[in-house]
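Asker: Next up is a structure, given as structure tokens.
Taken together, the values in this text are just the output of simple stated rules run on the coordinates, not laboratory data. Not measured: the values here are computed from a predicted model. Glycine also receives a Cβ, built like all others from the backbone with ideal geometry; neighbour counts cover every protein chain displayed.
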Amino acid sequence: MDKTAQTTIPRRDPATVMRLSRLGSLHQCRLSFMRVLTRRLAEENWSFARPVFDVDDKGVGHAVYTAQGPERTYSLVAFAHDLPPEMRSDRVIATAWDATFTLFDGVPTEADIERLSQNVPLQEVGRVTDSEISVSRANRSVRLWEHFVESLAAGHQPDAEKADAVGYLMRTTAVYGSGKLGAADREKIADRPEMLVPFQAEMLSVFLTRWFVRDLVNHMARVRGGDEAVELSPEMATRLGIGNSTGLGMAPFIVNHPILFNNWIMVREEAIARVRSIETASAEDANAFRNIFDRSKLSMSWWRSEHPAQIKKLAELNNDLALISGYLGQDDLMRDHPWDRLIRWSETALSEEGQELVASLVLEPYGDLVDGLASCMADTNARAQVIKGAMPISDVRSLIQQGFDWALDLDWNAPENCARAWYVSEEKLEPRLGERFDEPIADYEQPLAPARDAVLAYKALADWVDEAPIAEFLMRHPEHRHTVRRAQMADIAPYGEIRDNTISASVLPIDMLRAKLAFFGATHFDPRSDRWVRICMYSGAPYPDELTGENADLWVYPEVLP
Amino acid sequence: MNLSLNEIEAIAKRAARGAGYEWGVAEEAGKATRWLCAQGLDGATELARLLQREFPVTLEQHVPSELNDKWAGEEALCPLMTGATLSDHADIRHPGPLELQHVAVPLLLLPFVANMAFARNNSITMTMDGCTAVTDGTRLSCPDCDNAHADHVVIAVGGVLENTRPCHTRAHPDPAAWQVLTSFAHRTYAPATEESRLLGAGAGLSDND
């Protein structure tokens, strides 16, 4: 790809990278999907418009926001609702929301809007078509929304501290893509350059949603305050992101898409290896890193959580930040593989939060070495699902050993090692995690414990001769078919498997959620229990109509005022 | 009905699991149903037909007893189990023709035959009693045939793709078949209980703030 893209330092070992506690400590980086999107929109000079904003004095109506690129236009169709407070819930089982959205492929006609108005507000109960790419919904932050409307209506800006304490006026509670609810399959858009990187449609939808939310709060303030009202200031608007409440659905996603997840992790590891392999850094690159680190520190100082696990991690991270500052005071970051030395030092001195922050930040000065890798993050290998029946049993055995050597000696019958079971509730098909020995759920268990299943298959393989093809084994043991399929994928996806027990009594599903959300580019992870987490997206980003080459990338790091 | 192929695959996988197939076989059912729908065939109807026969209760009677040149089971062959075996043996079996006796819902074998064609990098012809299909893995030539059962299925390397079916990006399943799949899929969902509702997904801090 690039003449300087040779690595002398290998990628980190999957056995290190794929532990849950480390995945649960990942941070956004240059390869995060939001930043990939805003860089592209700016580079290609996309234009944005709001052809429709038809919302009444009660805040009910619809609006259309368009994003026009070199080849295609996408439109966010937003529906605003008057939601009774008692119906407001972030859970999948909610049935009404403050606002609902769809990302339309093209520019919708009035007939399209009419059709969508009958379906999008219903979310899972409605149907969309292959003209729609995503379907989503959002709820207001009750704390902040009223304060904003009241302040702006009275003619002054809202309180900045209150705004920072929450970070957003609305949070999305689900963004459905890939054919859900009748929308277009991923295949319809996968070959478009602007959709090649994963989740670009969803990220675009949220980017436009943030714009709609700003317009809606200004509108509601004008309705209440009339001539007294003022517009939300650009500074305040920029600090606001879009919140997101993420539940257990994301955890099955990363287990069920081992090649896709591998590609995200492997690309980031490749990027880290490339930067570590740099022998000497210029003063400019070293300064760029110092600058980003200072800005990152400021962002971290705004990160709050009430969850005990995250409070502890934040304390460790703050300690790490001080240690990193100390290191940077003593090293010019220019000689003798400066980034590799920094990473190796971090492994001895910092918590996993700090280590992963450093690993993400070292990529920042090297966009030319790193950014092109984003195109390798999609899963384009549909044939990998097909079992290679001729593979000798010895090969399957060693693939299982490779990914699950840590699990082979675990006592999988011990209650603490199989305490949990993942299941889908008949209640709106909400994905849930329960206590195997306390609840009647074992019969409904989803195959989301790859390690346990790998060990079962490994034991069943013990009596088979090395040379026999796996096809013979599978004829007798269809119960291990899903495990053999995964094992074979590991051959091309070394980072596809989580190296921890996903059904243990102590598993923290939020670690899986955070790993995925970090790749989206989320910040300020705020777990609300061990099973759901709130985050902020696009905080600090320019609004679509403000996007330029200068502000399209590093917005995630707030400017440090002198 | 107008569904995305992803929806078809998801419901087919859940339905097969609900009918009692192992997860790995249910995954095959999902992919196979999707493949048929992408060829403009009603994969949902074919799968519904199969699941209603409830083979998983006595599955060992519905798989080939011996892998010679004439595959047969004690009872009608299950196309998912037999298809998976065909696909798994694509690189192992000698290339000569293979005969299968008494196959239930034989169209469901086609996606697996397509896997074989891919593996062998050659087109393959499958004859189901009087109905002949040819595939190279991606494309398919096959008349609209509607066999709940075939006494004889012959699979042979070679064949010319003529009048290949147009590729479909949406599925239009028969509503009755869709209903059958939905009710099989429902067997995989845990009943709603208050405890599950409170603890299974959320709990913790308020979500209305």
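Asker: Projecting each Cα onto the charge dipole of the protein assembly as shown (Lys/Arg +1, Asp/Glu -1 at the beta carbon, about the Cα centre), which of A:S117, B:A156, A:V36 comes out farthest on the positive side?
Answerer: Toward the positive end, the furthest listed residue is A:V36.
Asker: Tell me, how many Å apart are the Cα centres for the stretch A:253-270 and for the stretch A:388-453?
Answerer: Distance between centres, Cα-based: 19 Å.
Asker: In the neighborhood of A:A454, defined by Cβ-to-Cβ distances under 12 Å, what is the net charge if each Lys or Arg adds +1 and each Asp or Glu adds -1?
Answerer: Charge balance in the 12 Å sphere: +3.
Asker: How far is the Cα center of the stretch A:330-345 from the Cα center of the stretch A:210-229, in Å?
Answerer: First find each Cα centre; the distance between them is then 50 Å.
Asker: Sticking with this structure for a sec: Using 1/(1 + (r/R0)^6) with R0 = 25 angstrom and r between the beta carbons of B:D144 and B:N2, what's the FRET efficiency to the nearest 0.05?
Answerer: Computed FRET efficiency for B:D144 and B:N2 comes out at 0.80.
Asker: For the stretch B:1-102, what class follows from the C-alpha gyration tensor (a ≥ b ≥ c being the square roots of its eigenvalues): rounded when a/c is under 1.5, otherwise prolate if a/b is larger than b/c, else oblate?
Answerer: Note, shape of the stretch B:1-102 comes out prolate.
Asker: How would you rank A:349-358, A:304-313, highest first, on the average number of other Cβ atoms within 10 Å across their residues?
Answerer: Going by the mean number of other Cβ atoms within 10 Å, highest first, we get A:349-358, A:304-313.
Asker: Mind checking the mean number of beta-carbon atoms from other chains within 10 Å of the Cβ atoms in B:110-117?
Answerer: That works out to 1 on average.
Asker: A further question on this structure: If the elastic network links every pair of Cα atoms under 10 Å, which of B:I92, B:I155, B:I11 fluctuates the most in the Gaussian network model of chain B?
Answerer: B:I92
Asker: Once the Cβ-Cβ distance between A:N381 and A:L408 is put in as r, and R0 is 22 Å, what FRET efficiency do you end up with, to the nearest 0.05?
Answerer: Using R0 = 22 Å, I get an efficiency of 0.20.
Asker: While we're on this one: So, R0 is 35 Å and r is the distance between the beta-carbons of A:D438 and A:D491; what FRET efficiency does that work out to, to 0.05?
Answerer: 0.35
Asker: Separate question: For the protein assembly as shown, with only Lys/Arg (+1) and Asp/Glu (-1) charged at the beta-carbon, what is the dipole magnitude about the Cα centre, in debye rounded to 20?
Answerer: Rounded to the nearest 20 debye, it is 340 debye.
Asker: So in chain B, which Cys have no other cysteine's beta-carbon sitting under 4.7 angstrom from theirs?
Answerer: B:C37, B:C78, B:C142, B:C167, each lacking another Cys Cβ under 4.7 Å.
Asker: Right, another one. Compute the normalised compactness of the stretch A:33-247: alpha-carbon radius of gyration over 2.2 N^0.38 Å, N being the residue count.
Answerer: 0.99
Asker: How do B:78-91, A:333-346, A:460-473 rank on mean C-beta neighbours within 10 Å, highest first?
Answerer: Peptide ranking by packing, descending: B:78-91, A:333-346, A:460-473.
Asker: Toward the positive end of the charge dipole of the protein assembly as shown, about the Cα centre and with charges on Cβ (Lys, Arg +1; Asp, Glu -1), which of A:M475, B:A16, A:S134 goes farthest?
Answerer: A:S134
Asker: Which percent, to the nearest 5, of DSSP beta bridges fully inside chain B are antiparallel?
Answerer: The antiparallel proportion sits near 85 percent.
Asker: Which three extents, in angstrom, do the Cα atoms of the stretch A:377-438 have along their principal axes, listed largest first?
Answerer: The Cα atoms of the stretch A:377-438 stretch 42, 33, 24 Å along their principal axes.
Asker: Taking a cut-off of 23 Å between Cα atoms, list the lysines near A:K162, but don't count ones fewer than 8 places away on the same chain.
Answerer: A:K297
Asker: When B:E60, A:E71 are ordered from fewest to most other Cβ atoms inside 10 Å of their Cβ, what list results?
Answerer: Going from least to most buried by this count: A:E71, B:E60.
Asker: Moving to a separate point now. Considering the options A:S233, A:A160, A:V149, tell which one lies farthest towards the positive end of the dipole of the stretch A:33-247, charges being +1 on Lys and Arg and -1 on Asp and Glu at the Cβ, about the Cα centre.
Answerer: Of the candidates, A:A160 comes out farthest on the positive side.
Asker: Give the distance, in whole Å, between the Cα centre of the stretch B:98-171 and the Cα centre of the stretch A:141-171.
Answerer: 62
Asker: Compute the whole-percent fraction of alpha carbon pairs in chain B spaced more than 29 Å apart.
Answerer: 27
Asker: Here's a follow-up. Compute the distance in nm between two label points, each set 7 Å from the Cα along the Cα-to-Cβ direction, one at A:D336 and one at B:E99.
Answerer: The two pseudo-label positions are separated by 7.8 nm.
Asker: Here's a follow-up. Taking only DSSP H segments of four or more residues, each worth -39500 (n - 2.57), what value at 222 nm results for chain B once the sum is divided by all its residues, to the nearest 500 deg cm²/dmol?
Answerer: It lands at -11500 deg cm²/dmol.
Asker: Summing Lys, Arg as +1 and Asp, Glu as -1, what charge do residues with Cβ under 15 Å from the Cβ of B:W178 carry, B:W178 excluded?
Answerer: Residues near B:W178 contribute +1 overall.
Asker: Would you please classify the overall shape of the stretch B:109-209 from the alpha carbon gyration tensor, given that a ≥ b ≥ c denote the square roots of the eigenvalues, rounded means a/c under 1.5, and beyond that prolate means a/b larger than b/c while oblate covers the rest?
Answerer: It comes out prolate by the Cα gyration axes.
Asker: Related question: How much length would be gained if the chain were fully extended between B:D69 and B:H172, taking 0.36 nm per residue of separation minus their Cα-Cα distance, in nm to one decimal?
Answerer: Stretched fully, the B:D69-B:H172 segment lengthens by 33.4 nm.
Asker: Moving on to the next point. With +1 on each Lys and Arg Cβ and -1 on each Asp and Glu Cβ, and nothing else charged, work out how big the dipole of the stretch A:33-247 is about its Cα centre, in Debye to the nearest 20.
Answerer: Charge dipole, the stretch A:33-247, about its Cα centre: 520 debye, nearest 20.
Asker: Distance cut-off 31 Å, Cα to Cα: go down the list A:K388/B:K13; A:K58/A:K188; A:K388/B:K70; A:K428/B:K31; A:K313/A:K459 and report the pairs above it.
Answerer: Over 31 Å Cα-Cα: A:K58/A:K188; A:K313/A:K459.
Asker: For chain A, what does the helix formula give at 222 nm: sum of -39500 (n - 2.57) over DSSP H segments with n ≥ 4, over the residue count, nearest 500 deg cm²/dmol?
Answerer: Value at 222 nm, helices only, nearest 500: -12500 deg cm²/dmol.
Asker: Taking beta carbons within 10 Å but only from partner chains, what does the mean come to for residues A:420-433?
Answerer: Across A:420-433, the average partner-chain Cβ count within 10 Å equals 5.
Asker: Report, as an integer, the average count of C-beta atoms from other chains found within 10 Å of each Cβ along B:187-198.
Answerer: The mean count of partner-chain Cβ atoms within 10 Å per residue comes to 6.
Asker: Determine the shape class of the stretch A:299-338: with a ≥ b ≥ c the square roots of the Cα gyration tensor eigenvalues, call it rounded for a/c under 1.5, and otherwise prolate if a/b is greater than b/c, oblate otherwise.
Answerer: Because a/c hits 1.5 or more and a/b exceeds b/c, the stretch A:299-338 counts as prolate.
Asker: Mean projection of the alpha-carbon convex hull of the protein assembly as shown over all orientations, in nm²?
Answerer: Reported value for the Cα convex hull: 33.3 nm².
Asker: Label-point separation (nm) for A:R72 and A:E146, each offset 7 Å from Cα along Cα-to-Cβ?
Answerer: In this crude spin-label approximation the distance works out to 4.3 nm.
Asker: If packing is taken as the average count of other Cβ atoms within 10 Å, what order do A:164-172, B:63-71, A:451-459 fall into, highest mean first?
Answerer: Highest-to-lowest ranking by the protection proxy: A:164-172, A:451-459, B:63-71.
Asker: Can you check what the net charge comes to around A:I9, using other residues whose Cβ is under 14 Å from the Cβ of A:I9 (Lys, Arg +1; Asp, Glu -1)?
Answerer: -1
Asker: I've got another one for you. When N counts the residues of the stretch A:382-490, how does its alpha-carbon radius of gyration compare numerically with 2.2 N^0.38 Å, as a ratio?
Answerer: 1.18
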